[in-house]
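Take a look at the structure below.
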């Protein structure tokens, strides 16, 4: 299957299906000599895994990662790093009723027409289960970027359904299952999700992800702009229907006098550009927002057709996230880390010895 690989110098290729024996990723291009252990990777996997609260799918997967290659005596060797995660809690019988029908909003219909064969168990390769190896692979990139450049990543939910979430305290993000930067709104979010679950329905979400301490100069100015590659990667996340960089669609209503981020010796005045100018990183925080559609797997019956083209009614059974956006923050962080890691290596290869006398402007004014 084409399209299973992301990146140029830092490349990842994922494999597996939702209900197969295992899923995983092969990471190629990681520089040698970095200390790497299962524990370095497991932390992010635990943030993404299912069954962590009543508001997400109750599929109980430990998501324990194994490192099969590319590490010797605790250090990366520069050879491909193979990561595998065993599937241990499949319930394939939940999908027996949709073998011959296509679930509205899913990839069933398009997969069938493209390949002439599909795995109906949990969506097979189109399942969001395949984001687990992406998160695992990105943990490798995150560690190298932190050690070599001090780059860090964090993400948070800004909207759940029609509920907007104010940014109040970054420390709260890790203290609740919604990755919400506000403690006082959690009861309202929980009540909203409980109501959705009882109704057998679902909702979408909006997430923001940030990369800090990004060097100036990442990205190529034409077809491989840093923001273009970020948008490409973010749209590769299941259920993402929109990507914004910086001010995004708000820039439509802004005036040029407002949108342009003025520069001063002590820092940028604003960051409407989202940390990129002309597709090249400016040294400011890289800020990306994504829109995630409502989960298509819902209990409510929906009209569809079967493989013969006859009208049918589909009711999705099984264990599903009423809002896939709840567990998507680590995935968005992972995609951003993979793109930045690749561009750091590409910049080092072509422009690593370039230097200018102009001092770097701080990311923002004091």
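Bear in mind that the values in this text are calculations on the coordinates, not laboratory data. No experiment lies behind these values; they were computed from the predicted model shown. Neighbour counts run over all protein chains shown; Cβ positions are idealised from the backbone, glycine included.
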So what is the 222 nm mean residue ellipticity for the chain from helices alone, if each DSSP H run of at least 4 adds -39500 (n - 2.57) and you divide by all residues, rounding to the nearest 500 deg cm²/dmol? -7500 deg cm²/dmol
Going highest first, how would you order 8-15, 64-71 by mean Cβ packing within 10 Å? 8-15, 64-71
Would you work out the relative contact order for region 258-312, in percent, from Cα pairs under 8 angstrom that are 6 or more residues apart? 18 percent
Cβ crowding within 10 Å averaged over residues, with 350-359, 260-269, 225-234 ranked highest first: 225-234, 260-269, 350-359
Given (i) 0.96; (ii) 1.15; (iii) 0.98, which label gives Rg/Rh (Cα atoms, Kirkwood Rh) as computed from the coordinates? (iii)
How far is helix 186-199 tilted, in degrees, relative to the longest principal axis of the Cα atoms in the chain, given as a value from 0 to 90 rounded to the nearest 10? 30 degrees
Here the relative contact order (percent) of the chain, from C-alpha pairs under 8 Å and at least 6 apart, is 21 percent
Rounded to the nearest 10 degrees, the helix 329-351 long axis (Cα) sits at an angle to the longest Cα principal axis of the chain of 40 degrees
Angle between the Cα long axis of helix 38-48 and the longest principal axis of the chain, 0 to 90 degrees, nearest 10? 60 degrees
Most packed first (mean Cβ within 10 Å per residue), the peptides 240-250, 209-219 order as 209-219, 240-250
For region 74-208: rounded, prolate or oblate by the Cα gyration tensor [a/c cutoff 1.5]: oblate
Let me know the shape class of region 129-269, please: from the alpha-carbon gyration tensor, a ≥ b ≥ c as square roots of the eigenvalues, rounded when a/c is under 1.5, otherwise prolate if a/b is greater than b/c, or oblate. prolate
